[in-house]
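Here's the structure we're looking at; comments come further down.
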Protein chains: 2
Amino acid sequence: MTIARPRIYFSASISGGREDAPGYAALIGALARRGIVLTEHIGRPDLSDVGESGPDDAEIYARDISWLREADVVIAEVTTPSLGVGYEVARAAGMGKRIVCLFRPETGRRLSAMIRGNPAVRVLEYGSGEHPDDVARRAMAAATADRPQRVSRTEPDTDSSDSLEETARES
Amino acid sequence: MTIARPRIYFSASISGGREDAPGYAALIGALARRGIVLTEHIGRPDLSDVGESGPDDAEIYARDISWLREADVVIAEVTTPSLGVGYEVARAAGMGKRIVCLFRPETGRRLSAMIRGNPAVRVLEYGSGEHPDDVARRAMAAATADRPQRVSRTEPDTDSSDSLEETARES
């Protein structure tokens, strides 16, 4: 996949906790030098775990799913547990997006088996001492690396994210 | 939907934190009087946030997705933010499952817009003072209530969970 300015959906905790927000802002800044970050608000220091003050939850949901559809790659910071991030990773897998999850093992947290054991997800570990530009470079390289083509299907699939995963599992 | 002994996928935080584990155990006990709980291990007091000691992450992932497929209803406790729970809610929506999310507002936490603003999810609030049997009864009533039939599609859909959600939105 070679896209001059890939559209990047950056996903990270909002309601789950904002203690890593400065790190999100640094990653977003570094990713913005490599593509168009659709979700730049995730790094804003004035965005608290109370969430956005403008749109209601249904509007946020509809907007985020729309951005997810537009994205070429999905980069999720998964160190802080978050319902929204887990939800978006699953939806992105169902849409056949390339998904890279960034995780800092230094926190001592265990990463969910639904992420770590997921054949549709690439997990990249990093440390808080690593330069955000290096993390962003590694994340984009992993997100844009060649992968097997998805098997085309001839019938409607009521749970299409599985077909992706089962394809990935075969590789 | 009338199923004598519905199969229930109960989803709750493991890696995200186990502080509510006694509550999960009480809910599982109450749900087990109304159906077959496929995921009884979620309530076990010896299950820490380090996760299960037997299967590896890929095995846990494959097993949980298999149980999710078998389930008639999905009941998720969403008070403690969790990547795995968010992931499973999205996958369950993609499979067309009935999903009820249980949330305790008394914690002061905000529930993710991807759950609260999600037309495929029913959110039920409860308090720690409510009897688990009453919570389970309300959850099962919400999970088995009539809902509009899904619109059938004539073309393969690469992101089928949307069609469900858009159907729900029309109702």
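Our estimate of slack between A:Arg69 and A:Thr107, defined as 0.36 nm per intervening residue step minus the Cα-Cα distance, is 10.5 nm. Accessible area per residue for the range B:7-170, computed on protein heavy atoms with a 1.4 Å probe, is 40 Å².
With a Förster radius of 45 Å applied to the C-beta separation of B:Arg44 and A:Asp133, the computed FRET efficiency comes to 0.55.
Taken over the Cα atoms of the range B:1-86, the convex hull encloses 93 Å³ per residue.
Between chain A and chain B, the total buried accessible area stands at approximately 3900 Å², from heavy atoms with a 1.4 Å probe.
Going by Cα centres, the range B:91-123 and the range A:30-71 are how many Å apart? Answer, in whole Å: 19.
Among the residues of B:117-125, the average count of other protein chain beta-carbon atoms within 10 Å of the residue beta-carbon is 3.
Peptide A:42-50 shows a mean partner chain C-beta count of 1 within 10 Å per residue C-beta. Rolling a 1.4 Å probe across all protein chains gives B:Asp64 an accessible area of roughly 10 Å².
By accessible area, using a 1.4 Å probe on protein heavy atoms only, the range B:7-170 has 49% of its surface on carbon and sulfur. Note on B:103-115: average number of Cβ atoms from other chains within 10 Å of each residue's Cβ is 6.
A simple charge model with +1 on the Cβ of Lys and Arg, -1 on the Cβ of Asp and Glu and nothing else charged puts the dipole of the range A:7-170 at about 540 debye relative to its Cα centre.
Relative to the present Cα-Cα distance, how much length would full extension add between B:Leu124 and B:Glu59 at 0.36 nm per residue of separation? Please list the in-between numbers first.
Details: separation 65, 0.36 × 65 = 23.40 nm, distance 3.12 nm.
So the chain would gain 20.3 nm between B:Leu124 and B:Glu59.
Enclosing the Cα atoms of the range A:7-170 in their convex hull gives a volume equal to 114 cubic angstrom per residue.
In the assembly of identical copies, A:Ala58 has its label point, taken 7 Å from Cα in the direction of the beta carbon, separated from the corresponding points by 4.3 nm (ascending, one decimal).
The values are calculated or read from the model by the stated rules, or taken from the named source; none is laboratory data. Treat the numbers as computed from the prediction; the structure is a model and nothing was measured. Counting neighbours? That spans all protein chains shown, and the Cβs are built from the backbone with ideal geometry, glycine included. All accessible areas refer to the heavy atoms of the entire protein, side chains included, with ligands and DNA or RNA removed. Shrake-Rupley method; radii C 1.70, N 1.55, O 1.52, S 1.80 Å.
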